[in-house]
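The values are calculated or read from the model by the stated rules, or taken from the named source; none is laboratory data. Just so you know, these numbers come straight off a predicted model, no measurement behind them. Cβ coordinates were reconstructed from backbone atoms using ideal geometry, including for glycine residues, and neighbour counts include every protein chain displayed.
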Amino acid sequence: MSIHWEILGKRGEDNALLVTVDTGQSQGHLLFDCGEGCLSGVRISTIQSIEHLFFSHFHMDHVSGFDTFFRHNYNRPDGNVNVWGPPGTIEVMSHRFRGFSWNLHHNQSGEWLVHEISENALAKSRFLTREAFATGEALPTQPRSEDKPDLNADTYALKGILLPHGNIPSVGYHLKEKDKQNINPAALQELNLRPGVWLQALTDTSQSDESPITVDERECVLGDLRKKLLETRPGESLAYLTDFRVTPGTPEWNELVEWLQGTGTLVCECQYRNADRVLAERNAHMTTGLVGQLAREAGVKRLILQHLSRRYEEAEWDEMLLEVRREFPRASLLSN
Ligand SMILES: [Zn+2]
Ligand SMILES: [Zn+2]
């Protein structure tokens, strides 16, 4: 199992992040933001298999490419399409859905679930293609808490955090693969047990530890074998942060550092150079130095910089990377 990711769009242009959670048996596709042109190089079959689209916020450079996504998915035949975002997402999406003439929709499949993340609650509305997206049916609102993911899928869990972006919030997302239990071949050999179909019972969560099991004509208890033969491989993790500004010493900074602690890959905006800190402050974005310091304090394994301002010449992007590396050496830029 692993997490693959690709930043869509170029340096100085709109960016998005396409993530594939690969279990070996299946692949789940997730898209974070959808700026202009971001989907132009993505295969249509991939666009049509994205299960969740996560918006950070609805500034135009993060939502301009949504029509392409919608066009390929509005009448998805199998399973629903999920859209996530900050407070106001249900209203914004309702307008996006309704911004077309619908007259051939009555027999069309298509079910869209729109999730709205606020500080303490997760609201959800359902929109149907056959109703021309006329009304969003409000589904029960769920309370949010620190120890509970906002999305608990079979193979991964996802949490959002509201970050300050001027006077609006921008949602940061953290994706964590579930820990995987593997059979340790050395331990199997040590116990002198022959591999076979019985091994499947070890990772079958529907069977309790107390269940009896016969292996090589020996009567065993499943829990004992699990203890001796299974090893846990921790899942990979990735965080996506864009369009926000937090500064050291503030409660928001400390909360974010804590929230990111130990993340594998941090994909983060890097809009401005240190020299443009006045602009960064005015537009509620981060600078190279702040991004590097955040990655260092959070103890992430690697940092990938995206969403670089188009105000800079090409040569300056490499200088931006050097500025970040002064704070956090394991940083790289999205490829151009
Ligand atoms: Zn932006
Ligand atoms: Zn923005």
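For region 137-158, does any single residue satisfy the condition of being assigned to a strand (DSSP E or B), among the hydroxyl-bearing types (Ser, Thr, Tyr) and within 30 Å of residue 203 (Cβ to Cβ)?
Yes; the residues of region 137-158 include at least one that is assigned to a strand (DSSP E or B), among the hydroxyl-bearing types (Ser, Thr, Tyr) and within 30 Å of residue 203 (Cβ to Cβ).
Which members of region 47-73 meet the condition of being more than 16 Å from ligand 1 (Cβ to nearest atom) and of a type in the set (Gly, Ala, Ser)?
Selection gives 49 alone.
Given the criteria at pLDDT below 95, under 20 Å from the mean Cα position of the chain (by Cα) and either assigned by TED's automatic domain parsing to the domain that holds residue 63 or surrounded by fewer than 17 Cβ atoms within 10 Å (Cβ to Cβ) (or both), does residue 153 qualify? First the steps, then the outcome.
Values: at pLDDT below 95: yes; under 20 Å from the mean Cα position of the chain (by Cα): yes; either assigned by TED's automatic domain parsing to the domain that holds residue 63 or surrounded by fewer than 17 Cβ atoms within 10 Å (Cβ to Cβ) (or both): yes.
Yes, satisfied.
Which pairs have Cβ atoms under 6 Å, sit 6 or more apart or on different chains, and link a residue in region 217-242 that is among the basic types (Lys, Arg) to one that is away from ligand 2 (no atom under 16 Å from the Cβ)?
226/202; 228/187; 233/180; 233/182
Can you report the number of residues in region 134-173 which are of a type outside the set (A, V, I, L, M, F, W, C), in contact (Cβ under 8 Å) with a residue 60 or more places away in the chain and in contact with a Ser or Thr (Cβ under 6 Å, 6 or more places away or on another chain)?
2
Can you name the residue in region 54-69 that is in a helix (DSSP H, G or I) and out of contact with any helix residue (DSSP H, G or I) (no Cβ under 7 Å at 6 or more places or on another chain) and is also surrounded by the most Cβ atoms within 10 Å (Cβ to Cβ) among such residues?
Checked region 54-69; the qualifying residue surrounded by the most Cβ atoms within 10 Å (Cβ to Cβ) is 62.
Please state which one of 21, 63 is within 15 Å of ligand 2 (Cβ to nearest atom) and either within 19 Å of the chain's Cα centre (by Cα) or within 19 Å of residue 131 (Cβ to Cβ) (or both).
It is 63.
Return the only residue of 133, 100 being aromatic (Phe, Trp, Tyr), assigned to a loop (DSSP other than H, G, I, E, B) and surrounded by fewer than 21 Cβ atoms within 10 Å (Cβ to Cβ). Before the answer, list the steps.
Numbers: 133 fails: surrounded by fewer than 21 Cβ atoms within 10 Å (Cβ to Cβ).
When all the criteria are applied, what remains is 100.
Restricting to region 11-53, give me the number of residues that are surrounded by 15 or more Cβ atoms within 10 Å (Cβ to Cβ) and not in a strand (DSSP E or B).
Final tally of qualifying residues: 18.
Going through region 163-214 one residue at a time, which ones are in a strand (DSSP E or B) and under 17 Å from residue 226 (Cβ atoms)?
Answer for region 163-214, where residues must be in a strand (DSSP E or B) and under 17 Å from residue 226 (Cβ atoms): 180, 181, 182, 183, 212, 213, 214.
Has region 28-46 got at least one residue that is within 16 Å of ligand 1 (Cβ to nearest atom) and more than 17 Å from the chain's Cα centre (by Cα)?
Checking region 28-46: at least one residue is within 16 Å of ligand 1 (Cβ to nearest atom) and more than 17 Å from the chain's Cα centre (by Cα).
If you scan region 263-291, which residues turn out to be surrounded by 24 or more Cβ atoms within 10 Å (Cβ to Cβ), away from ligand 2 (no atom under 16 Å from the Cβ) and more than 22 Å from residue 160 (Cα to Cα)?
Scanning region 263-291 gives a single hit, 288.
Which one is farthest from ligand 2 (Cβ to nearest atom) among residues in region 242-262 that are crowded, with 18+ Cβ neighbours inside 10 Å, within 22 Å of residue 146 (Cα to Cα) and not aromatic (Phe, Trp, Tyr)?
Among those residues, the one meeting the criterion is 257.
Return the only residue of 177, 217, 231, 258 being of a type in the set (Asp, Glu), at pLDDT below 95, in contact with a helix residue (DSSP H, G or I) (Cβ under 9 Å, 6 or more places away or on another chain) and more than 16 Å from ligand 1 (Cβ to nearest atom).
It is 231.
Could you tell me whether residue 206 is at pLDDT below 90, out of contact with any strand residue (DSSP E or B) (no Cβ under 7 Å at 6 or more places or on another chain) and polar (S, T, N, Q)?
Taking the combined requirement at face value, the residue satisfies it.
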